[in-house]
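Just below is one structure, and these are the notes that go with it.
The values are calculated or read from the model by the stated rules, or taken from the named source; none is laboratory data. In this text, all values refer to a predicted model and were calculated from it rather than measured experimentally. Here the Cβ positions follow ideal geometry from the backbone for every residue, glycine too, while neighbour counts run over all protein chains shown. For the accessible areas, the whole protein counts, side chains as well, though only heavy atoms, and no ligand, DNA or RNA atoms are used. Shrake-Rupley method; radii C 1.70, N 1.55, O 1.52, S 1.80 Å.
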Amino acid sequence: MSGPTQARLRKAGRRLGLHLAALLAGAFILAPFAWLVISSIAGPSDLLERPLRWWPAHAGLGRYLTVLTTTDVNSAAYTFRRALINSSAVAFGTTVLSLVTGVPAGYVLARSRFRGRQALTIFFLSTYLLPPIALIVALYVILSLLGQRDSVVGLILVYSSFVTPFVVWIMRGYFTAVPVEIEEAARIDGCSRFETFWRVGLPLATPGLVTTIIFAILLAWDEFFYALILTSSLRAKTISVAIAEFSGQHMIDYGMIATGGVMAALPPVIIALILQKYIVQGLTAGAVKG
């Protein structure tokens, strides 16, 4: 066998190995979600059958229809539907409030030079690292005094307290990666500091901004501990707490838990698929400079 032929065979072998490794990694990552989907459409007898089947004998979309159409306000399915609306409002409000305050702060920390800038940056990060258990009593008392306990507005304020430092830290890295010479040229052309930020810095950091938005949404969407302690009714109960309520003291509804898990996972997955181009650009840009 000639040298060029052996080189082509080795190259084909490496490519095949990479594809197999990627296929195994994808199967390993997606297997739990696939099982979640199968469990959500399986009949009650299928979930209790041993050994378990990969495809249920009595598959159906009954649980999804129950969640979407039930009018029984005392049912867990109705609670879940209301929690889905509450989670959407909380995630949207938290993301907007965190971006409005965190993005300009990240730009200032990246571009301005003043004493204590590095210490202030580390302070923002340290607040993000505080464990929720250390803050929950103080937050409970503050929200009670403000009359915002068990409310969507109260959850937005609490979630913004840990999402905003995350936004500041991440956006500071992306603004630092933008060449300062471009902004200096805009200043020479007559742009004010705010116009330079709004018309030059922010558009150039769009991939990082989109990535930050997605992570901010996920942080607010998945949060469980604060929502469990600070909410007690349909006014503000979020989706993570509602899913937990499918597990009662004497019975666990695995089918509804799986259905809730699928419906809770769909919005972030759809957003990530739509904005995947910006996510890749944002992650790679953040990997080069931070």
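Odds and ends about this structure:
- Test result for Leu143, open to solvent by less than 30 Å² (accessible area, probe 1.4 Å), closer than 24 Å to Ile239 by Cβ, at pLDDT 85 or above and part of a helix (DSSP H, G or I): yes
- Filtering region 37-60 to residues that are part of a helix (DSSP H, G or I), modelled with pLDDT of 80 or more and not hydrophobic (A, V, I, L, M, F, W, C) leaves Ser39, Ser40.
- Residue among Ala77, Ala89, Ala83 that is open to solvent by 40 Å² or more (accessible area, probe 1.4 Å), assigned to a helix (DSSP H, G or I) and closer than 18 Å to Lys237 by Cβ: Ala89
- Tallying residues that are farther than 16 Å from Pro132 by Cα and not hydrophobic (A, V, I, L, M, F, W, C) within region 146-171 yields 5.
- Counting the residues of region 95-126 that are of a type outside the set (A, V, I, L, M, F, W, C) and touching a Lys or Arg at 6+ places or on another chain (Cβ under 7 Å) gives 2.
- Scanning region 101-120 turns up one or more residues that are open to solvent by 60 Å² or more (accessible area, probe 1.4 Å), under 22 Å from Leu155 (Cβ atoms) and modelled with pLDDT of 85 or more.
- The lone exception for Ser240 - which of (1) closer than 26 Å to Gly147 by Cβ; (2) without any contact (Cβ under 8 Å) to a residue 12 or more places away in the chain it fails: (2)
- The residues listed here are Ala134, Ala105; of these, the one that is part of a helix (DSSP H, G or I), in contact with a helix residue (DSSP H, G or I) (Cβ under 9 Å, 6 or more places away or on another chain) and either within 17 Å of Thr206 (Cα to Cα) or not hydroxyl-bearing (Ser, Thr, Tyr) (or both) is Ala105.
- Flag for Ala138 being at pLDDT 90 or above, of a type in the set (A, V, I, L, M, F, W, C) and exposed (fewer than 15 other Cβ atoms within 10 Å of the Cβ): yes
- Scanning region 36-63 for residues being open to solvent by less than 90 Å² (accessible area, probe 1.4 Å), out of contact with any Leu (no Cβ under 7 Å at 6 or more places or on another chain) and under 21 Å from Met263 (Cα atoms) gives a total of 13.
- Considering region 181-217, and only residues there that are part of a helix (DSSP H, G or I) and small (Gly, Ala, Ser), the residue that is most open to solvent (accessible area, probe 1.4 Å) turns out to be Ala185.
- Among the residues making up region 146-180, a single one is among the polar types (S, T, N, Q), in contact (Cβ under 8 Å) with a residue 12 or more places away in the chain, open to solvent by 50 Å² or more (accessible area, probe 1.4 Å) and within 30 Å of Ser232 (Cα to Cα): Ser161.
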